[in-house]
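Chemist: My questions will all concern the structure given below.
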Amino acid sequence: MLILTRKAGESLYIGDDIKVTLIGIQGKQARIGISLPDTMTVYREEVYKRVMQDNIQAGTSKNEEFSGSTRYYDFIETKIGKLALDKDKFICMPKGLIGYEQDTEFSIIEYKEDSPFFIYQSTKTPELGLLIADPYLFLSDYTVKLSEAEQAVLQAETAEDITVFVTITIPHGKPEQSTLNLSGPIFINHVKRIALQVPQDVTPSKVLLSDCLARMNENPTENKA
């Protein structure tokens, strides 16, 4: 690790394009300014690690109660049984899921007709299938951000080209404690079938699915468009 000493107002360069400036120090906190090309993004370490942990927990959740449709062409043996995948509907994920960067091709499997839940299934790793859902069915005030670099990766021409999903963690033997994970939404350009997971610095970072359902039952029109 390279260790450098900088005073407030002093900078350093990483390559030719990245400039890091120490803006000031207050107590135990340092304020840092970063200038970088529009094609690059920066995430806070704690947010990035939170998304990674959410992915791993969601990826190891026991999803046996969910079954796939049988109307597709090719099949893959997954942790929830044999699922049918349509090659024409595969989604390219250039950077993979955080924590699963080696998996760059996925398919969305319908749980059952009219269900808000889906399986985000890796086409290369059978045991990697995450439960996902549209967060806006449960949380009308959930907000997300995309940088110019992230928008460029997704290649979306309009906002309507993008669909947002969040992962769901189901604790083993405690389905009532299932959570919507809000820190790592997956943005999918459903026109060009390109996806990107983008860490978000949001509070709370996750919510109980049961709480969302309870609020929806109390206010049935709250989350309707």
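The values are calculated or read from the model by the stated rules, or taken from the named source; none is laboratory data. Here the structure is a predicted model, which is why all the values come from computation and not from measurement. Here Cβ is always computed from backbone atoms with ideal geometry, including for glycine, and neighbour counts include all displayed protein chains.
Chemist: For residue 80, state whether it is of a type outside the set (Lys, Arg) and modelled with pLDDT of 85 or more. Steps first, answer last, please.
Modeler: Working: of a type outside the set (Lys, Arg): yes; modelled with pLDDT of 85 or more: no.
Taking the combined requirement at face value, the residue does not satisfy it.
Chemist: Separate question: Name every residue in the stretch 186-201 that is modelled with pLDDT under 95 and out of contact with any helix residue (DSSP H, G or I) (no Cβ under 9 Å at 6 or more places or on another chain), in order of residue number.
Modeler: Residues satisfying the conditions do not exist here.
Chemist: Here is a further query. Give, as residue ranges, the strands (runs of 3 or more DSSP E) completely inside the stretch 1-49 that count at least 3 residues that are without any contact (Cβ under 8 Å) to a residue 60 or more places away in the chain and closer than 30 Å to residue 144 by Cβ.
Modeler: Numbers: elements: 11-14, 18-26, 29-35.
Ranges flagged: 18-26, 29-35.
Chemist: Among the residues of the stretch 1-21 satisfying the criterion of being touching a strand residue (DSSP E or B) at 6+ places or on another chain (Cβ under 9 Å) and among the hydrophobic types (A, V, I, L, M, F, W, C), which is surrounded by the most Cβ atoms within 10 Å (Cβ to Cβ)? It would help to see each step written out before you state the result.
Modeler: Going residue by residue through the stretch 1-21, those that are touching a strand residue (DSSP E or B) at 6+ places or on another chain (Cβ under 9 Å) are 4, 6-14, 17-21.
Then drop every residue that is not among the hydrophobic types (A, V, I, L, M, F, W, C), which leaves 4, 8, 12, 14, 18, 20.
Values: 4: 8, 8: 11, 12: 12, 14: 11, 18: 14, 20: 16.
That would be 20.
Chemist: Conditions: (1) surrounded by 20 or more Cβ atoms within 10 Å (Cβ to Cβ); (2) under 18 Å from residue 115 (Cα atoms); (3) touching a residue at least 60 places away in the same chain (Cβ under 8 Å). Residue 180 meets all but one. Number of the miss?
Modeler: With respect to (1) surrounded by 20 or more Cβ atoms within 10 Å (Cβ to Cβ); (2) under 18 Å from residue 115 (Cα atoms); (3) touching a residue at least 60 places away in the same chain (Cβ under 8 Å), residue 180 is out only on (3).
Chemist: A follow-up question, please. Among residues belonging to the stretch 114-154 that are of a type in the set (Phe, Trp, Tyr) and not in a loop (DSSP other than H, G, I, E, B), point out the one that is nearest to residue 86 (Cα to Cα).
Modeler: First, the residues of the stretch 114-154 that are of a type in the set (Phe, Trp, Tyr): 117-118, 120, 136, 138, 142.
From what's left, not in a loop (DSSP other than H, G, I, E, B): 117-118, 120, 136.
Values: 117: 18, 118: 15, 120: 13, 136: 26 Å.
My answer is 120.
Chemist: Just wondering, is there one or more residues in the stretch 96-113 that are closer than 30 Å to residue 216 by Cβ, in a helix (DSSP H, G or I) and within 16 Å of the chain's Cα centre (by Cα)?
Modeler: no
Chemist: Let me ask you something else. Regarding the stretch 22-35, can at least one residue be identified that is modelled with pLDDT under 85, surrounded by 10 or more Cβ atoms within 10 Å (Cβ to Cβ) and under 30 Å from residue 154 (Cβ atoms)?
Modeler: Scanning the stretch 22-35, I find no residue that is modelled with pLDDT under 85, surrounded by 10 or more Cβ atoms within 10 Å (Cβ to Cβ) and under 30 Å from residue 154 (Cβ atoms), so the answer is no.
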